[in-house]
Amino acid sequence: MNTTILRKTALGIAGLAFTGGILAGPATHAHATTDTRPVAVTVQADKPAVDKGKLIPHGVQGDQSRIDLNDEQTGNVKAIIAATKKSGLDERAAVVSIATALQESKLENLGHLGDRNDHDSQGLFQQRPSSGWGTVEQITDPEYATTAFLKGLKQVDGWQDMPLTKAAQTVQVSAYPDHYAQWEQQAADLVAKHWNS
């Protein structure tokens with residue numbers, strides 16, 4: 001334990017004891033002793049840890065990519081996790097969803113990109129209104145887009161036991177089906193960090 005925290009904790013407890021002694025009056029025992037042993041403080045986590053074995057049950061495939069996230073991207077991670085929980089799915093579904101959004105948009109809620117747009121793809125998952133994913137307003141709403149992705153994932157028989165890239169590709173039907181795999185470790189790390197936050 002950090003000695004500064006231990007020292008501050010011990011001083012804080014001593015201060016409370018001293019204040020309590022002044023307010024309560026003199027000690028009734030003539031031979032009061034002072035315990036000078038360090039005080040051990042047990043810090044309990046407010047929330048249970050995520051079972052990391054569930055996040056990447058088959059290990060990652062291939063080289064892994066990683067990007068630094070800004071506040072907007074982190075907010076989108078949290079929105080994906082919240083929608084996953086609301087859909088009644090577990091941490092693995094959140095890993096698949098976040099890895100997919102990392103590949104499709106780098107977790108940026110993209111609007112129409114003009115000439116750089118892939119057809120009419122938009123949002124975190126680059127879903128297309130013309131393919132029945134929803135309206136532009138819907139697919140650029142992180143909760144709606146995640147719920148739509150998860151609805152597709154639930155229809156993939158045995159997705160829980162598939163490699164991440166196969167599960168994501170079955171929903172997304174991408175021209176680059178193997179690219180989802182590179183984001184599995186970062187997605188798992190993000191779920192481990194934010195699932196119980």
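The values are calculated or read from the model by the stated rules, or taken from the named source; none is laboratory data. Bear in mind the structure is a predicted one, so any value in this text is a computation, not a measurement. Cβ sites come from the backbone with ideal geometry, for glycine too, and all protein chains shown count toward neighbours. These accessible areas exclude ligands, DNA and RNA; they are computed on the full protein's heavy atoms, side chains included. Shrake-Rupley method; radii C 1.70, N 1.55, O 1.52, S 1.80 Å.
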Condition met for ALA181 (over 22 Å from SER87 (Cβ atoms), buried (at least 22 other Cβ atoms within 10 Å of the Cβ) and touching a residue at least 60 places away in the same chain (Cβ under 8 Å)) = yes
Residue in region 51-68 that is farthest from ALA181 (Cα to Cα), counting only those that are in a loop (DSSP other than H, G, I, E, B) and open to solvent by less than 50 Å² (accessible area, probe 1.4 Å) = ILE67
key: Unmet requirement for GLN73, which otherwise passes all of (1) open to solvent by 20 Å² or more (accessible area, probe 1.4 Å); (2) touching a Lys or Arg at 6+ places or on another chain (Cβ under 9 Å); (3) without any contact (Cβ under 8 Å) to a residue 40 or more places away in the chain   = (1)
message = Take the residues in region 76-100 that are among the polar types (S, T, N, Q) and open to solvent by less than 10 Å² (accessible area, probe 1.4 Å); name whichever of them is nearest to GLY158 (Cα to Cα).
response = SER97
message = Condition (residue is open to solvent by less than 40 Å² (accessible area, probe 1.4 Å) and on the phi > 0 side of the Ramachandran plot) applied to region 119-132: is it met by at least one residue?
response = yes
request  = Name, by its number, the condition in (1) aliphatic (A, V, I, L, M); (2) more than 28 Å from LYS52 (Cβ to Cβ); (3) assigned to a helix (DSSP H, G or I) that does not hold for LEU102.
outcome  = (2)
inquiry  = Need pairs with beta-carbon distance below 6 Å; first residue within 10 Å of LEU190 (Cβ to Cβ) and within region 86-110, second hydroxyl-bearing (Ser, Thr, Tyr) and in a helix (DSSP H, G or I); sequence gap 6+ or separate chains.
reply    = ALA94/THR84; ALA99/TYR180
